[in-house]
Amino acid sequence: MYVAVKGGEAAISNAHRLLADRRRGDRDVPDLRIDQIAEQLSVGVDRVMAEGSLYDKELAALAIKQARGDLIEAIFLVRAYRTTLPRFGYTQPIDTEDMLVERRVSATYKDLPGGQLLGPTFDYTHRLLDPELAHDKQVDKPVTREGEHEKVVRVSSILAQEGLIEADGEMPEGRVPGDITRDPMEFPMERDTRLQALARGDEGFLLALAYSTQRGYGMNHPFVGEVRIGEVELEFEVPEIDFAIPLGTVQVTECQMVNKFKGSAKVPPQFTRGYGLVFGQSERKAMAMALCDRALRAGELGEDRTAPAQDEEFVISHADNVQATGFVEHLKLPHYVDFQAELELVRKMRAEQAKAASDAFDLAAE
Amino acid sequence: MSGSAAGSEVQARRQDAMRVLANASADELRQIYADMGMSVEASVLRGPETGLVTLRGRMGGGGAAFNVGEATVTRVTVRLATGEVGHAYHLGRDAERVRIAATIDALIQQDGNAQRIERELLGPLRQRNASRSKRKRDETAATRVDFFTMVRGEH
């Protein structure tokens, strides 16, 4: 027999106080400042902005500090904060061609307008730990070279000139882009809504799915047409002003994945595309997003849907790490009554089974 | 006709100023505005209020729009004693910079102030914004790959 009880207030309050203490750690070690996190752990901050779905570096850095570096917990904090703010509206779509490019590489064309710009990349580093970083190492200023002012054309525009690649991706005229923060998700989903879900999806989950497509589970033979990182300007229209208001700039990462496609009854052989667009410097995520976007277009392109990465409901329903962690982690909360009921049930079944066995034995003995 | 032309000129001036102010560093904006020592009577009509805007991108870069995620934005509306109403919306949550920007938006609607603000505030900020962008562009340009071809065999 289980009797419901109240309790735990003091334990919870002391646990939170203990958490605050452990978060702070040794008081002889200086307290981390938010600007230190934003400046020196910036890629982690970017991940919290992308998956928290809120562009605000200071808040993301604060969340990382509060979460003791647990990025999913930090993302959860940011998502919770978002819900406290009113929404002013939607920006004009950003123009990634007009980006102040900090990095831009293409794996499909060696010589392309704007060139291959490596930017601040981990690529080509030797992945050897640098013991000097354990101290306050003096870091050299970057080398500069007179930059050209030419527009860095998207690589997709170059391929488009030959007509061998599909267009950027259109939706029916007059369609208002789906918004998963406003309307409950429904399947099948339109591509615009899916892209929103992917943009805030868990990097690890999308990376694993993207990897699975490369290993043959929904193979679509990808090339990185282009990855670019840089700042884009935001413009916003409000009723009280007759022109678009410049809001400032944000940093984004864009990936144009180009995929071989043998064609179908409806479409001639050509290159198809997957698209990734993520807040901050998040190249791995943008590439994974683009691969997943392409895999999820299987139905639209008349391909057989055989692999997990092509299963829209499976991918989108499990991509959100705040939902995922909520459901998995809730298992540790008290389930005393649930479990008591299950226990009673198992005992009863055992008793019935034992009785049936002894009845059968009696019958055989007679 | 000339009225609407003047109107569109003010509009272009305001939009340009808003771009300069939104891209300026908060410290520089505050500093230069304080140094100007303008005594402005501006009453706050709305805000400062922080909210969200939803950022939109385009699939494939230039295709149909989709929602990428939200950003924090702070807005302020002020009115000068002379009646001009100024608005400002900036990314982030820094109410003070947005209040200054709204005041400037109101001030530059008066031809008398516009010139001085351009000369002492917008001009210098525009220059600093441009030099920050140029530095970034030049740092990136130094990481540009210069391919060279190794000629093999005889011609």
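The values are calculated or read from the model by the stated rules, or taken from the named source; none is laboratory data. For clarity, every value in this text was computed on a predicted model and none was experimentally measured. So basically every Cβ, Gly included, is an ideal-geometry build from the backbone, and we count neighbours across all protein chains shown. The area values use the complete protein model at the heavy-atom level, side chains included, leaving out ligands, DNA and RNA. Shrake-Rupley method; radii C 1.70, N 1.55, O 1.52, S 1.80 Å.
The phi-based Karplus calculation (6.51 cos²θ - 1.76 cosθ + 1.60; θ = phi - 60°) puts the 3J(HN,Hα) values of the stretch A:122-128 at 7, 4, 6, 7, 8, 6, 9 Hz, whole numbers, x for Gly and Pro. Based on alpha carbons, the Rg and Dmax found for the stretch A:51-119 are 17.5, 48 Å. Each residue of the stretch B:110-127 was assigned a 3J(HN,Hα) from its phi angle through the Karplus curve 6.51 cos²θ - 1.76 cosθ + 1.60 (θ = phi - 60°); the sequence is 9, 4, x, 7, 3, 5, 5, 5, 4, 5, 8, 10, 5, x, x, 5, 4, 5 Hz, with glycine and proline shown as x. Per residue, the stretch A:9-82 exposes 59 Å² of accessible surface when a 1.4 Å probe is rolled over the protein heavy atoms with every protein chain present. Over all projection directions, the Cα-based convex hull of the stretch A:242-361 averages an area of 17.6 nm². Distances between placed amide hydrogens fall under 5 Å for A:Asp320 paired with A:Asp202, all partners being 5 or more residues away or on another chain. Can you pull the accessible area of A:Phe122 for me, 1.4 Å probe, Å² to the nearest 10? Ignoring ligands and nucleic acids, A:Phe122 comes out at about 140 Å².
Per-residue Cβ counts within 10 Å, from other chains only, averaged over B:43-55: what number is that?
Partner Cβ neighbours, averaged per residue: 5.
Above 26 Å lies some portion of the pair distances; for the stretch A:33-188, what is it as a whole percent of all C-alpha pairs? Considering the stretch A:33-188, 54 percent of its Cα-Cα pairs are separated by more than 26 Å. Between the C-alpha center of the stretch A:174-238 and that of the stretch B:66-81 there is a gap of 26 Å.
For A:Thr306, A:Thr181, the ranking by accessible surface with the largest value first comes to A:Thr306, A:Thr181, using a 1.4 Å probe.
For the listed residue pairs A:Lys151/B:Lys134; A:Lys110/B:Lys134; A:Lys110/A:Lys260; A:Lys262/A:Lys285; A:Lys110/A:Lys262; A:Lys110/A:Lys151, the alpha carbons are over 22 angstrom apart in A:Lys110/B:Lys134; A:Lys262/A:Lys285; A:Lys110/A:Lys262. Overall dimensions of chain A, expressed as equivalent-ellipsoid semi-axes from the Cα gyration tensor (√(5λ), whole Å, largest first), are 45, 32, 22.
Shielding by partners for peptide A:90-101, expressed as the average number of C-beta atoms from other protein chains within 10 Å of each residue's C-beta, is 5. Accessible area ranking (1.4 Å probe, heavy atoms, ligands and nucleic acids excluded), largest first, for A:Asp293, B:Asp35: B:Asp35, A:Asp293. Can you classify the stretch A:149-224 as rounded, prolate or oblate using the Cα gyration tensor, where a ≥ b ≥ c are the square roots of its eigenvalues, rounded means a/c under 1.5, and otherwise it's prolate if a/b beats b/c and oblate if not? In terms of gyration-tensor shape, oblate. Modelled spin labels at A:Val139 and B:Gln110, positioned 7 Å past Cα toward Cβ, are 4.6 nm from each other. Accessible surface of the protein assembly as shown, 1.4 Å probe: 54 percent of it comes from carbon and sulfur atoms.
When all protein chains stay in place and ligands, DNA and RNA are ignored, the 1.4 Å accessible-area order of A:Arg145, A:Arg215, largest first, is A:Arg215, A:Arg145. Interface size, chains A and B: roughly 6100 Å² of accessible area buried, both sides included, 1.4 Å probe, rounded to the nearest 100.
Candidate membrane-span-like segments in chain A, meaning DSSP H helices with Cα atoms spread over at least 27 Å of their own axis and a Kyte-Doolittle mean of 1.6 or above, do not occur, with no membrane implied either way. Spin-label pair A:Ser13-A:Asp359: with each label point 7 Å from Cα along the Cα-Cβ axis, the two points sit 5.6 nm from one another.
Heavy-atom accessible surface of B:Asp94, to the nearest 10 Å², is about 50 Å², with a 1.4 Å probe and all protein chains retained.
Between A:Asp31 and A:His126, what FRET efficiency comes out of the Förster formula 1/(1 + (r/R0)^6) with R0 = 60 Å and r the beta carbon distance, rounded to 0.05? Numbers along the way, then the final one.
On the way: r = 34 Å, r/R0 = 0.56.
Once the sixth-power term is evaluated, E becomes 0.95.
For A:Gly280, the residues 5 or more places off, or on other chains, whose built amide H falls under 5 Å of its own are A:Gln251, A:Val252, A:Thr253. For A:Phe236, the residues whose modelled amide H falls within less than 5 Å of its own, excluding neighbours fewer than 5 places apart on the same chain, are A:Gln92, A:Ile245, A:Leu247. Interface burial in the stretch A:155-185, defined as at least 40 Å² less accessible area with all protein chains than with the chain alone at a 1.4 Å probe, covers A:Asp168, A:Pro177. Comparing the stretch A:9-82 with the 2.2 N^0.38 Å rule of thumb, its C-alpha radius of gyration ratio is 1.16 (two decimals). Cα centroid distance between the stretch A:1-75 and the stretch A:271-298, in Å? One Cα centre to the other: 29 Å.
From the helices alone, meaning DSSP H stretches of at least four residues, give me the mean residue ellipticity at 222 nm for chain A, per-run term -39500 (n - 2.57), in deg cm²/dmol to the nearest 500. Could the numbers behind the result be given before it?
Numbers: 12 runs with 143 residues, N = 366.
The helix contribution divided over chain A gives -12000 deg cm²/dmol.
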